[in-house]
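To start, the structure under review is shown below, and the notes come after it.
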Amino acid sequence: MTEASLLPAEFAGLDLLATMVVVVGADGECLFANAAFENGMRLSRRTVQKAQLPDWFDDAQRLRETLAGVAANHYSSSRFDALLRRGTWAHEDGLPVHVIVSQMDAAEDGAPRVLVELIEIAQQARQDRDERSLDQVQATKELTRNLAHEIKNPLGGIRGAAQLLALELQDGNPELTEYTQVIVHEVDRLQSLVDRLLAPHRKAPVVGDVNIHEICERVRALVLVEHPRGLRIQRDYDTSLPDFRGDREQLIQMVLNIVQNAAQSLAARMAAGDAQIVLRTRVARQVTIGKQRWRLALELHIEDNGPGVPVEIRDRIFFPLVSGREGGSGLGLTLAQTIAQQHQGMIDCESEPGLTNFRITLPLP
């Protein structure tokens, strides 16, 4: 008999959840544990069932008291943070989890049962951060589009007036003519900036089958042509990743913006000859992007051994006009995040001196 055949029909839905879920009796005996709990604890379902759930907690007594209180209907649910000991080795690090203990229907024989959900605190923090980031980026995108349109309208008038003034002064004062040229030049620069802000929203996407590794190879070739000495770009590809639907040119631009940023931050290491960027692809399962859950997603990690993102802008690097590099426009990462969101994806960043990792997550069919 397989472990799947031992799965009670009433608990089948719990096995599809990405969070760890256990059904226990009032005394803490495990009646059912879903697949996520098995994976997280590195134990088989046979081992888990009939064992005592509190025995895997650092503070077993607190969980026992909570289970007894919920089973006796002293309160309907309880939440607290705890440390879960996972695996079979005592020396393994504990897993910080948020514990949610809730009432559920009694068994057929009337015995009380309690539902225990264990959410990894790091995972929850990341989901909360991603949701905040998506909301912030969406608000910033709307503000940027509106502001860009408001700026663009008077720019044409300013440029036209400066050109007319230059014609009037053409045979007069050369110094004043030079001033009008400065006005035209600065207007053109602002026009270019506005065009870049609006670029992702102007063209309709050209959707087709896309292979992430073809995109990575294209970007790798472009960046190595620009930086032929002192930079090594390593590949670490999961070749099992399938094609997906997307706008190939936009996705190339997205990856190129991040890799170029990484290369520009490595100037000192290039001079020393040890600059390195790693392009790593992986499959992710049961992924939450924003508020939507996907069964499968691809993760593209772009890692570099540069100085890292300055701490003071680390939480704002995807905002427009925020740049940690002198002379930078602060638009590259903003456009990359916009393109990722247009593909229902997300970009996040973890950075410290010597290792910066931009992770692009895109859903797979």
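What the table below lists for this structure:
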{"read-out": "Meets criteria (of a type outside the set (Asp, Glu), surrounded by fewer than 17 Cβ atoms within 10 Å (Cβ to Cβ) and either under 30 Å from Thr19 (Cβ atoms) or touching a helix residue (DSSP H, G or I) at 6+ places or on another chain (Cβ under 6 Å) (or both)) for Arg280", "value": "no"}
{"read-out": "Any chance Arg64 is surrounded by 12 or more Cβ atoms within 10 Å (Cβ to Cβ), in contact (Cβ under 8 Å) with a residue 12 or more places away in the chain, of a type in the set (Lys, Arg) and more than 22 Å from Gln103 (Cβ to Cβ)", "value": "no"}
{"read-out": "Candidate set: segment 22-61, residues that are open to solvent by 80 Å² or more (accessible area, probe 1.4 Å) and closer than 22 Å to Gln286 by Cβ; chosen: the one farthest from the chain's Cα centre (by Cα)", "value": "Arg42"}
{"read-out": "Residue in segment 248-262 that is open to solvent by 50 Å² or more (accessible area, probe 1.4 Å) and either acidic (Asp, Glu) or farther than 17 Å from Phe358 by Cβ (or both) present", "value": "yes"}
{"read-out": "Only listed residue being part of a loop (DSSP other than H, G, I, E, B) and at pLDDT 90 or above, chosen from Leu224, Leu241, Leu300", "value": "Leu241"}
{"read-out": "Only one of Pro200, Pro205 that is closer than 21 Å to Pro363 by Cα, within 24 Å of the chain's Cα centre (by Cα), open to solvent by 40 Å² or more (accessible area, probe 1.4 Å) and modelled with pLDDT under 80", "value": "Pro205"}
{"read-out": "Residue tally, condition surrounded by 11 or more Cβ atoms within 10 Å (Cβ to Cβ), free of Cβ contacts under 8 Å to residues at least 24 places away in the same chain and of a type in the set (Gly, Ala, Ser), over segment 161-185", "value": "2"}
{"read-out": "Any pair with Cβ under 9 angstrom, 6 or more apart, that starts in segment 297-316 at a residue that is closer than 23 Å to Arg269 by Cα and open to solvent by 10 Å² or more (accessible area, probe 1.4 Å) and ends at one that is among the acidic types (Asp, Glu) and in a loop (DSSP other than H, G, I, E, B)", "value": "Asn305/Asp274"}
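Here is a yes/no grid of residues against (1) at pLDDT below 70; (2) among the aliphatic types (A, V, I, L, M); (3) in a strand (DSSP E or B):
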residue	(1), (2), (3)
His98	no, no, yes
Val101	no, yes, yes
Asp128	yes, no, no
Leu134	yes, yes, no
Thr144	yes, no, no
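The values are calculated or read from the model by the stated rules, or taken from the named source; none is laboratory data. Everything numeric here is computed off the predicted structure, so don't read it as measured data. Virtual Cβ from ideal backbone geometry, glycine too; neighbours counted across all protein chains shown. Side chains included, ligands, DNA and RNA excluded: accessible areas come from the protein's heavy atoms. Shrake-Rupley method; radii C 1.70, N 1.55, O 1.52, S 1.80 Å.
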